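In what follows, a structure is listed as structure tokens, so that the remarks can point back to it.
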Amino acid sequence: MVANVITMPIELQINQYYFHDAERIVRDMPSLEVIGVTGSYGKTSTKHILKAVLASKYNVLMTPESYNTKMGVTRTIREQLKPYHDLFIAEMGAKQEHDIEEICTLVNQKYGIVTAIGEQHLETFKTLETIKKTKFELVETLPHDGTAFLNKDDDNIRAYPQVNSVRTMYYGIDAEDLHYRATNITYSGKGTTFTVEKYDGTSVEIQTKLLGRHNIYNILAAVAIGAEKNIPLDVIARAIKGVAPVAHRLELKRTSDTLTIIDDSFNSNPSGSKMAVEVLGYMPEKKILITPGMIELGDREYELNKRLATHAAEVCDYIILVGKKQTIPLQDGLEEAGYSEDKYYVASNLQDALAKMRDVTATEPSVVLLENDLPDTFEE
């Protein structure tokens, strides 16, 4: 054993010390309850909404920004978790199998939210089945007295053969047998309004600045846990009304009387991109999409970007693609959809795209969706 420690790289020794120390801190707080949040998308937004809801009654800590790896969660525990915290919300990301299981071993979560499962990081996961299995590590490691909160509208979540018979609460819009359901949904440039119907027959109206159907799911998850933690529905609704959009995730920015930007530039997955384009479609003004397309999708990158373009062609009045080579799949998708060549432009870089945007939006009220990562250094 001593020999193994001696031959272990010093960086690995330090990391192991950090992990064990974080485990000890959590273990020494027996009254602390940990909520794990995972999914292919929606994790960070759900985490922020959930904190706002739970903070109306409890002392809550959440992992900051996108601290969703084992090391990120460890740092949060060692640097920020205090004895007075009642609840700890741990965002859990993964790029390969067992990543989430390792974080669960660290925090011993009592509650688990799976927001959605889709094709992301396929270069490392290889298959959708591996992604499903990895996301459900959060549920399969819950204790016997824990609770899973699952988005039942998500096909991949609904179809997964869950082994752990832990108490499971379902939320959604369309699926049958839901514990928390959103109804009477209306959208506008100011946000979203809908009603949450709880399984016990009670309900509450939710008003939020957040845009998009996927944010309704994120809110439903937060409402479900808040209600299960005995926070009154009207208190939950007030907390949600004050939640601001997470930066670069369908963040609404009104830059002038005639131009509104929907900044979704952090997004990089097919399902999230499709939902963002749907949000753009709800807007009454001229609709413009700016995107370089999606990356890190392995063998399906061409197909999925082409599909995004086909969907955008049904919604957008004008499309600006960033990168002449990068966006070939999108260009092919627009051509296949019969989208007029005079309704889209292929920019060489982001600056070129923004200059074109100013020309296109100069004459009438417009909404511009910035979709997928758009770094200033994007060049080909």
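The values are calculated or read from the model by the stated rules, or taken from the named source; none is laboratory data. Treat the numbers as computed from the prediction; the structure is a model and nothing was measured. Cβ placement follows ideal geometry from the backbone for every residue including glycine, while neighbour counts extend to all protein chains displayed. Calculation scope for accessible area: heavy atoms of the full protein, side chains included, ligands and nucleic acids excluded. Shrake-Rupley method; radii C 1.70, N 1.55, O 1.52, S 1.80 Å.
Between helix 10-27 and the chain, what is the angle of the helix's C-alpha long axis to the longest principal axis, kept within 0 to 90° and rounded to the nearest 10?
70 degrees
With +1 on each Lys and Arg Cβ and -1 on each Asp and Glu Cβ, and nothing else charged, work out how big the dipole of the stretch 225-371 is about its Cα centre, in Debye to the nearest 20.
Approximately 460 debye in magnitude.
Can you tell me the accessible area per residue over the stretch 292-370, all protein chains present, probe 1.4 angstrom, in square angstrom?
Ligands and nucleic acids excluded, the figure is 48 Å² per residue.
Summing +1 for each Lys or Arg and -1 for each Asp or Glu, what net charge is found among the other residues whose Cβ lies under 12 Å from the Cβ of Val37?
+3
Stretched out fully, how many nm does the piece from Val235 to Asp257 gain, at 0.36 nm a residue minus the Cα gap?
Length gained, Val235 through Asp257: 4.5 nm.
Where does helix 270-282 land angle-wise versus the long Cα axis of the chain, in degrees 0 to 90, nearest 10?
50 degrees
Using +1 at the Cβ of each Lys and Arg and -1 at the Cβ of each Asp and Glu in the chain, identify which of Thr63, Thr134, Thr291 lies farthest towards the dipole's positive end.
Value computed over the given set: Thr63.
For the stretch 248-380, give me the percentage of DSSP beta bridges that are antiparallel, rounded to the nearest 5 percent.
15 percent
Please compute the length gained on full extension between Gln96 and Asp177, using 0.36 nm multiplied by the number of residues separating them and subtracting their Cα-Cα distance.
So the chain would gain 25.9 nm between Gln96 and Asp177.
Can you find, among Leu12, Ile25, Leu210, the residue farthest towards the positive end of the dipole of the chain? Put +1 on the C-beta of Lys and Arg, -1 on that of Asp and Glu.
Ile25
Give, as a single signed number, the net charge of other residues whose beta carbon lies under 13 Å from the beta carbon of Glu251, with Lys and Arg counted +1 and Asp and Glu -1.
Combined, the nearby Lys, Arg, Asp and Glu give +1.
Output the antiparallel fraction of DSSP beta bridges having both residues in the chain, as a percent to the nearest 5.
Among the beta bridges of the chain, antiparallel pairing accounts for roughly 30 percent.
First compute the accessible area of the chain with a 1.4 Å probe, then give the percent of it belonging to carbon and sulfur atoms.
50 percent
Which angle from 0 to 90°, rounded to the nearest 10, does the C-alpha axis of helix 70-80 make with the longest principal axis of the chain?
70 degrees
Charges only on Cβ, +1 for Lys and Arg, -1 for Asp and Glu: so what's the dipole of the chain about the Cα centre, in debye to the nearest 20?
Here the chain has a charge dipole of around 1140 debye.
How high is the relative contact order of the chain, given as a whole-number percent (alpha carbon pairs under 8 Å, six or more residues apart)?
Computed over the chain, the figure is 14 percent.
With Rg and the Kirkwood Rh both taken from Cα atoms, where does Rg over Rh land for the stretch 26-172?
Expressed as Rg/Rh, it is 0.94.
If I compute Rg and Dmax of the Cα atoms in Å from the structure I just sent, which labelled value in (i) 21.8, 74; (ii) 24.5, 82; (iii) 44.2, 175 lines up?
The value computed from this structure is option (i).
Please work out the average accessible area per residue across the stretch 1-118, using the 1.4 Å probe convention, and give it in Å².
46 Å²
If the chain between Lys324 and Arg27 were fully stretched, how many nm would it gain, using 0.36 nm times the residue separation less the Cα-Cα distance?
101.6 nm
So, with +1 on the Cβ of K and R and -1 on the Cβ of D and E, and no other charges, what is the size of the charge dipole of the stretch 196-283 about its Cα centre, to the nearest 20 debye?
140 debye
Under the definition of Cα pairs under 8 Å and six or more residues apart, what whole-number percent is the relative contact order of the stretch 293-366?
33 percent
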